1. Report the longest stretch of the chain that contains none of the trypsin sites (Lys or Arg not before Pro) sitting in a DSSP loop with at most 13 other Cβ atoms within 10 Å.
2. Find out how many positive minus negative residues lie around S171, taking Lys and Arg as positive, Asp and Glu as negative, among other residues whose Cβ is under 14 Å from that of S171.
3. For the chain, modelled as a Gaussian network with Cα springs under 10 Å, which listed residue fluctuates most, A120, A87, A72?
4. Using the alpha-carbon centroid of each, what span in Å lies between region 107-133 and region 169-219?
5. Assuming 0.36 nm per residue, please report the length gained on full extension of the stretch F126 to F73 beyond their Cα-Cα distance.
6. Which of the helices in the chain meet the span-like rule: DSSP H, Cα axial reach of 15 Å or more, Kyte-Doolittle mean at least -0.5?
7. Among T15, T38, T101, which one shows the highest mean-square fluctuation when the chain is modelled as a Gaussian network with alpha-carbon springs under 10 Å?
8. If each residue's Cβ is checked for other Cβ atoms within 10 Å, how do V178, V83 rank with the fewest at the top?
Amino acid sequence: MLLAVAETALLFVFTAACLFVPAGTLRWPAAWFFLALTLLVYAPALLVADRNLLRERAGVEHGVKRWDPPLAFCGYLFLQPLVLVVAGWDFHHGPGSLSPTVRLLGVLLFVSGNAFGLWAVRVNPFLVKFVRIQSERGHHVISSGPYRYVRHPAYAGGIVGFAGAPLILGSLWALLPVAVGTALFVVRTGLEDRTLQAELVGYREYCEVVPWRLVPGIW
């Protein structure tokens, strides 16, 4: 429990720093709202998570594909901290004028996207930081929960969730790192999917049942 509280506090401090340091002020209501929303979404998941499983997911094990760590790092960099930094910089140069309706859309995207991604984390014990076939853990195809709709729901949820952040924060400029991060995760999804089809028993058959990687009806 203490570790979960510490991780939640670290998440709060890091997110706050990414927002308020470039903004140059603490007088930014939308940023405080975003912080509260972030804690509301992530804190319960951290508090109830299996600590042993979290350690496995955080580690870098043998068999990781060489292309994955740099793609993962760059994708998360653009989709998360850089979105907040750019939004803070944008606020410093003049508060945005997005309508309440657009900001509400941002809230819906952030909450629904992250909830979808966390659902994937919850049902898939083989979802780890970097792509590898976990033969030592009896790695097999997961087809329940959000995996009934798309083959990579954690990525899909993360992209949708952080597409909502710029709208909540009132920054259209922050959509630029979202676009770059999304492109990187599309590339990563394609490479990971190809790896799973080639190396994970039963994955090709799963692809026939669930044909969509990220977006139903599109790709």
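1. Working: sites that count: R27, R66.
The longest uninterrupted stretch comes out as 67-219.
2. On the way: positive: R103; negative: D90.
Charge balance in the 14 Å sphere: 0.
3. In this elastic network of the chain, the residue with the biggest mean-square fluctuation among A120, A87, A72 is A72.
4. First find each Cα centre; the distance between them is then 13 Å.
5. Values: separation 53, 0.36 × 53 = 19.08 nm, distance 1.94 nm.
Full extension of this stretch gives 17.1 nm more.
6. Numbers: long enough: 2-23 (31 Å, 2.13); 29-48 (29 Å, 1.99); 68-79 (16 Å, 1.07); 81-92 (17 Å, 1.27); 100-123 (35 Å, 1.31); 153-169 (25 Å, 1.45); 175-199 (35 Å, 0.66).
Sorted by number, the helices that extend far enough and score high enough are 2-23, 29-48, 68-79, 81-92, 100-123, 153-169, 175-199.
7. The residue that fluctuates most here is T101.
8. Numbers: V178 22, V83 27.
So the ranking, lowest neighbour count to highest, is V178, V83.
Rule-based calculations on the coordinates, nothing more; no lab input. In this text the structure is predicted, and so the values were computed from the model without any measurement. Positions of Cβ are generated from backbone atoms using ideal geometry, with glycine treated the same way; all protein chains shown enter the neighbour counts.
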